[in-house]
Amino acid sequence: MFTTINLILLLLAVVLFGATFLLYRKKSKAQNNEKIFVPISPVDLHSNKEEKKIDKIKNYIGTHFSNPDLAVSDLQNALEINAREIGQLMKSELNSTFSIYVNMVRMSEVKRLLKESNAPISEIAYKCGYSQIPHFNRVFKKETGLSPKEFKEQI
């Protein structure tokens with residue numbers, strides 16, 4: 001009698017294990033077969049790889065320009081595009097270098113914030129990726145011919 005109970009429990013355990021295993025496999029196959037819908041905009045249908053890469057570069061810079069340590073290597077690592085190709089794309093598509101383009105993006109945001117906000121100039125400079133105020137003042141004056149304070153007063 002003791003052996004019959006053990007045999008029944010063993011069979012029950014095997015059946016439970018088998019059922020669990022089959023349910024797991026079925027669920028796992030269903031997850032692997034799920035289709036993910038990714039909408040494609042009309043621009044994507046007609047653009048070539050070079051345009052996509054330059055758009056990725058512009059978007060990355062536009063998102064990360066506030067990082068004072070932003071470098072080509074950041075783009076290279078994030079976008080998996082080598083530094084030489086980044087330089088070539090920026091030169092051919094934007095007629096600019098990395099540092100000049102980043103500075104242009106930063107300066108446009110600085111000018112916008114100087115016009116639209118009452119934040120202190122130093123705070124605006126820090127928000128836009130300038131970690132040293134004297135450097136920021138020099139770059140701004142070179143760009144506009146005015147100091148940030150003069151620019152803000154003229155608005």
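The values are calculated or read from the model by the stated rules, or taken from the named source; none is laboratory data. The structure presented is a predicted model; accordingly, all values stated were derived computationally and were not measured. All Cβ positions, glycine included, derive from the backbone under ideal geometry; neighbour counts span all protein chains shown.
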The residue from Ile100, Ile124 that alone is more than 16 Å from Lys56 (Cβ to Cβ) and surrounded by 13 or more Cβ atoms within 10 Å (Cβ to Cβ) is Ile124
Only one of Lys91, Lys56 is touching a residue at least 12 places away in the same chain (Cβ under 8 Å) and not β-branched (Val, Ile, Thr), namely Lys56
In the range 127-142, anything touching a residue at least 40 places away in the same chain (Cβ under 8 Å) and assigned to a helix (DSSP H, G or I) is listed as Lys127
ask   = in the same structural domain as Asn67 (by TED's automatic domain parsing), over 26 Å from the mean Cα position of the chain (by Cα) and touching a residue at least 40 places away in the same chain (Cβ under 8 Å), is that true of Lys115?
value = yes
Residues in the range 137-155 that are over 19 Å from Ser117 (Cβ atoms), surrounded by 14 or more Cβ atoms within 10 Å (Cβ to Cβ) and of a type in the set (Lys, Arg) total 1
Are any of the residues in the range 103-116 loosely packed, with under 12 Cβ neighbours inside 10 Å, more than 25 Å from Gln154 (Cβ to Cβ) and not hydroxyl-bearing (Ser, Thr, Tyr)? no
*Is at least one residue of the range 75-95 closer than 22 Å to Lys53 by Cβ, in the same structural domain as Asn59 (by TED's automatic domain parsing) and among the β-branched types (Val, Ile, Thr)?*
yes
Heads up, the helices (runs of 4 or more DSSP H) in the range 1-118 (entirely inside) with at least 3 residues that are out of contact with any strand residue (DSSP E or B) (no Cβ under 6 Å at 6 or more places or on another chain) and either under 21 Å from Val139 (Cα atoms) or at pLDDT 60 or above (or both) are 2-33, 49-64, 72-79, 83-94, 98-116
